[in-house]
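One structure is given here, and the rest of the page talks about it.
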Amino acid sequence: MKTMRYIAIKMLIYGLACWLLIEWLMPLETISDTEGVEVFIGFVVLCFLLYFFRPPFWLSVFVKSIYILWALNQWFYHASLFTAPTRIWQETSDHAAILFTTRLMELSNSLRSFLFFGLLWLVAYVSYRWMVVRKRLFFFYVLTVIYVTVLDTFTLFRGNGAIVRLVAFGFFFLSLLHIERLREQSPAIGGIRRWWGACLSFVGLAVLVGYFSPKLPPQWPDPVSFVKSYAAAPEEKQIDPAALKVKKVGYGQNDSRLGGPFIADDTVVFTAEDERRHYWRVETKDIYTGKGWTSFQSEQMRTLENDMDIDYSWWSPALKKKQITASIHMKKTYFHLVYPLGLKKVKAQEDVVYRMETATEKIYTTDRSVYTLPLTSYDLVYEYPTFSIDALKAAPPVGDKELLERYTQLPENLPKRVRDLAKQITNGKQTQYEQVKAVEQYFHANGYTYETTDVAVPGKKDDYVDQFLFETKRGYCDNFSTSMVVMLRSLGIPARWVKGYTSGRLMEEKDGKNIYEITNNDAHSWVEVYFSGIGWVPFEPTQGFVNPYVFTASSPDSETAPLPEQRTPEQSRVPLERVREQSPSLPSQDSGILDRFLAAWSWKRIAIALAAFFAFVWTAYKTRRKWWPYVTILRFQYKRKRGDNLFAAAYLSLLRHLDDYGLKRKPHQTLRQYAAYVDDWFKTKEMTRLTMLYEKSIYLPKNNPIDWDEVRELWENLIKKTVS
Amino acid sequence: MAAKEMLQPSIEQVVENIEKVIVGKRNVAILSLVALLAKGHVLLEDVPGVGKTMLVRALAKSINAQFKRIQFTPDLLPSDVTGVSIYNPREMQFEYKPGPIMGNIVLADEINRTSPKTQSALLEAMEEGNVTVDGTTRPLPRPFFVMATQNPIEYEGTYPLPEAQLDRFLLKLSMGYPSPDEEVEILSRVEKVQPIEEIHPVMTVDELLELQQKVTEVYVGDSIKRYIVDIVQRSRSNASVYLGVSPRGSLALMKAAQAYAFIHGREFVIPDDIQFLAPYALSHRIILKSEAKLNGLSAEDIVRQMIVRTPVPIQR
């Protein structure tokens, strides 16, 4: 029985050590061009198995060598296992020179794999010595956490699972090794069972709370661009402070600081099989900060099911539309969809759930839990609109206050000349459409040029739009689109900034479908303007780009019908919670906060939070009971009724505290024997004195007056001792 | 270990007196006093020559009581114990000659050497407090305290006391050998004079009778009574025990506890008294199964088990 437990714990330690090493190998497939990571993992497992069973030295070396040779043979040589050593020897001697130069990239794959196996062998041995023999983990564990978090931040590797595993197993392992070290020092140590309980409950609690608690979006801007720009700084600082940031063209997430030059990047992002040209949307942003764009802060998510009609009205039903299907094949890994305006349905092979961030209309692809799930290909069904210019001209000014407020937001310190310019441009234009068109056209003349390299970054006091409009007049899509949105907003026209890709390059035509290739160079931003009774209409201010959507001069017959105002598309899109939150019927701010709180905390979460809370209280009660004595002292301090019963209760609670303290009274121990034991421990005589008084109170007939003050002094002294 | 309690001053004097004679046997002295004060009797199970007689004599002399000794032999008759009526030709009638039992403190040496008939005469006297000779019941003097001894080693030609009779002893004690230091001390003490000659009475018989009365007034709480019964009950359900402790055993334990508490100046009994006395008061009332004996268990072990398994009452 005892040996069984010993072996089980030993196996656990070996298994956890092995797992921690494997955690290092897991990301390799994502972050490098390593293939067949499972073979390396197999090697690590083999190493630990051999450490566990301790075969003779020569045998373990032999087994590992055979494994390495087999793997290399499978991958590269495809010959008899026995020829592999000679091949390796040959390569090593051939490439020996390279090993001592900096041209490591020229190493052959087979030799590199061989060297990697060697490295793994070493690392496995070191981690075995470190974790299993010396029972030290902390350093290695911290390294692993740093490794995973750094990879998660700077590469495509998603460390969600790894972090959860690290917390769950890692903390458990840390504490297991700790107790094993203690046991080595004093083998007779007790309380192992309680240790298991405490350890498992704490780790479980940490994982549960971490897993179910709501995750905030990143509080800092993505550090990658910052670090990159910082790293790029030393060379370029002297040349041009404006060129501090060098961006790669492509789709990025952070737009809070726009400006700076681009470097072209023609990596293919995806190919699309489609009938029409249109822009591919990714997300919209609607808060202009003066330096760039941020999104409306909201956690609202809409869940869209795979291959189901999306109940999301992009336009008013009166608009003329055509249903079209397209299919996308991603070449790079993204966790969001690229989709055309008017999306109706998405279909992918995987069991995927689409989650649309309602604030930005960005659609994430996730699995049934919350993990992101990159899709390699999917089909889209969307409605392609045809905008009637007449209808647009006839559209009344937008009356929806909430929408106006949100989409005409501008920073307070927006320079006045931007507003003045907008007014000047639109002078004499009557309808919203004409005003929008005038602003859009303004960029095509007046000396604005498309430029990717010599683009300024706004200084501390500069406004991004102001700088572009009046000073530099040079820029790319971001400059043009942002400027247009800002000018429209200054006129009170609701507009928003949209990011995504242009329609790309037509590669070939295949049975009525065109195949487009979209590269990072096709990343783009444009403008969407809201027209009441119609919805969001895309516009293209950027020099050299053409709005892919069709605007017809003749009005379709259905178009003139006035639209029911109570159900404008935007309204129907506003989530219920926000309506409630902003409804004027709620007078105080508090109730708004409460509602927001309730909205963010679903019943399930509340239940889990309560469970976690009670679990916490229970654990605290179980483990932190040493603070309880103070409560007891307070409890008895203010008792008015004095007498035997009070003394008995106080004495018995003292016994409980002493028990918690670790001075256990066996049931057959008399109070006197126990008191002697306690006094011996605390080096006092108080417990015996108190006990003798207590004996009188319980072993004598009632009506025995007890000097409560004397009793209380002794009692308090003793109970305080149990605190420390 | 329970804290050392001070003894009742008068008792302490007696114990000190005995200690002058008997080296290092304070515990036995105290237990003897417990039995004396509880109006019980003691069975001393010991090898010869460890000071049993000296103990009893010192005790008797300390309380200024009449000491008698009966050496039991196989040919001893009941009348040799109780006394006989002899015809007095001058008075023309039978005259009672009191036997050695007519004393305050009686040492019944090697009680298992005599015939059951003689044994029962003694035990009856112990139980009844009087003797019947020739149809006349004669009361024994007060106090009356018998200290019977038996040799646990020799069984040849003995009549082991039946259980029913063992039950009549309040306590069974054993003095055991002294430690080497104590033995050296004994030698130096008796080098010139016999210390027994040197001690003086510290208490009168009347005082003792008064103390005996006071002992009965020591309070035994309900929880303590329950505790006694709990312990005793365990002897009846113990798998190694053939015959458990009788209610007389419970009674003996309580009486002894009262005396013990009194000796320590307490007017109430605490569980410590019970735990301390149980091995002396109960172990001779238990008959083990032969398997248990073969397993090396003794009655004392069983009593200790019983105590360990019984939770102490810590509330009223």
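The values are calculated or read from the model by the stated rules, or taken from the named source; none is laboratory data. What you are looking at is a predicted structure, and each value in this text was computed from that prediction instead of being measured. Glycine gets a Cβ as well: all are built from the backbone with ideal geometry, and neighbour counts include every protein chain shown.
Annotations
- Test: A:Leu119 is part of a helix (DSSP H, G or I) and touching a helix residue (DSSP H, G or I) at 6+ places or on another chain (Cβ under 9 Å): no
- Of all residues in the range A:1-29 being touching a helix residue (DSSP H, G or I) at 6+ places or on another chain (Cβ under 8 Å) and either polar (S, T, N, Q) or closer than 22 Å to A:Asn73 by Cα (or both), the one that is modelled with the highest pLDDT: A:Leu25
- Residue list for the range B:177-227, filter: farther than 26 Å from B:Lys25 by Cα, in a helix (DSSP H, G or I) and either touching a Gly at 6+ places or on another chain (Cβ under 8 Å) or within 14 Å of chain A (Cβ to nearest Cβ) (or both): B:Asp222, B:Ser223, B:Ile224, B:Lys225, B:Arg226, B:Tyr227
- Any hit, the range A:506-525, residues being assigned by TED's automatic domain parsing to the domain that holds A:Gln435, out of contact with any Gly (no Cβ under 7 Å at 6 or more places or on another chain), closer than 24 Å to A:Tyr448 by Cβ and in a strand (DSSP E or B): yes
- Within the range B:228-268, the residues that satisfy the criterion of being within 20 Å of B:Leu173 (Cβ to Cβ), within 12 Å of chain A (Cβ to nearest Cβ) and part of a helix (DSSP H, G or I) are B:Ile231, B:Ala257, B:Ala261.
- Scan of the range B:279-298 for residues that are touching a Leu at 6+ places or on another chain (Cβ under 6 Å) and of a type in the set (Gly, Ala, Ser), ordered by number: B:Ala281
- Looking only at the range A:502-516, and only at residues there that are modelled with pLDDT under 80 and on the phi > 0 side of the Ramachandran plot, the one that is surrounded by the most Cβ atoms within 10 Å (Cβ to Cβ): A:Gly512
- Listed here are the strands (runs of 3 or more DSSP E) enclosed by the range A:290-373 that have at least 2 residues being surrounded by fewer than 16 Cβ atoms within 10 Å (Cβ to Cβ): A:301-305, A:320-330.
- For B:Leu243: the one exception among (1) in contact with a strand residue (DSSP E or B) (Cβ under 8 Å, 6 or more places away or on another chain); (2) within 30 Å of B:Glu16 (Cα to Cα): (2)
- Within the range A:700-724, the residues that satisfy the criterion of being more than 57 Å from the chain's Cα centre (by Cα) and either away from chain B (no Cβ under 12 Å) or at pLDDT 85 or above (or both) are A:Asn703, A:Pro705, A:Ile706, A:Asp707, A:Trp708, A:Asp709, A:Glu710, A:Val711.
- Of the helices (runs of 4 or more DSSP H) that lie entirely inside the range B:269-316, those containing 2 or more residues that are within 12 Å of chain A (Cβ to nearest Cβ) span B:271-282, B:299-309.
- Meets criteria (of a type in the set (Asp, Glu), out of contact with any helix residue (DSSP H, G or I) (no Cβ under 6 Å at 6 or more places or on another chain) and within 18 Å of B:Phe145 (Cα to Cα)) for B:Glu128: yes
- Answer residue from the range A:596-624, given it is modelled with pLDDT under 75, within 21 Å of the chain's Cα centre (by Cα) and assigned to a helix (DSSP H, G or I) and is surrounded by the most Cβ atoms within 10 Å (Cβ to Cβ) among those: A:Ala599
- B:Leu277 being surrounded by 15 or more Cβ atoms within 10 Å (Cβ to Cβ), modelled with pLDDT of 90 or more and touching a His at 6+ places or on another chain (Cβ under 9 Å): no
- Checked against the criterion of being among the polar types (S, T, N, Q) and either on the phi > 0 side of the Ramachandran plot or touching a Ser or Thr at 6+ places or on another chain (Cβ under 7 Å) (or both), the range B:262-285 has at least one qualifying residue.
- Residue within the range A:655-663 that is farther than 30 Å from A:Lys215 by Cα, modelled with pLDDT of 85 or more and either away from chain B (no Cβ under 14 Å) or in a loop (DSSP other than H, G, I, E, B) (or both) present: yes
- Test: residue in the range B:211-228 that is closer than 30 Å to B:Ser79 by Cα and surrounded by 14 or more Cβ atoms within 10 Å (Cβ to Cβ): yes
- Selection over the range A:139-156 of residues that are assigned to a helix (DSSP H, G or I) and either among the polar types (S, T, N, Q) or outside the structural domain of A:Leu20 (by TED's automatic domain parsing) (or both) gives a count of 3.
- Test result for A:Leu119, exposed (fewer than 15 other Cβ atoms within 10 Å of the Cβ), free of Cβ contacts under 8 Å to residues at least 24 places away in the same chain and within 20 Å of A:Ile41 (Cα to Cα): yes
- Where A:Trp681 falls short, out of the listed (1) within 28 Å of A:Tyr621 (Cβ to Cβ); (2) facing chain B (nearest Cβ under 8 Å): (2)
- Filter result for B:Met147 (in a loop (DSSP other than H, G, I, E, B) and either without any contact (Cβ under 8 Å) to a residue 12 or more places away in the chain or aliphatic (A, V, I, L, M) (or both)): no
- Looking across the range A:667-724, the residues that are without any contact (Cβ under 8 Å) to a residue 24 or more places away in the chain, under 20 Å from A:Val631 (Cα atoms) and in a helix (DSSP H, G or I) come down to A:Asp709, A:Glu713.
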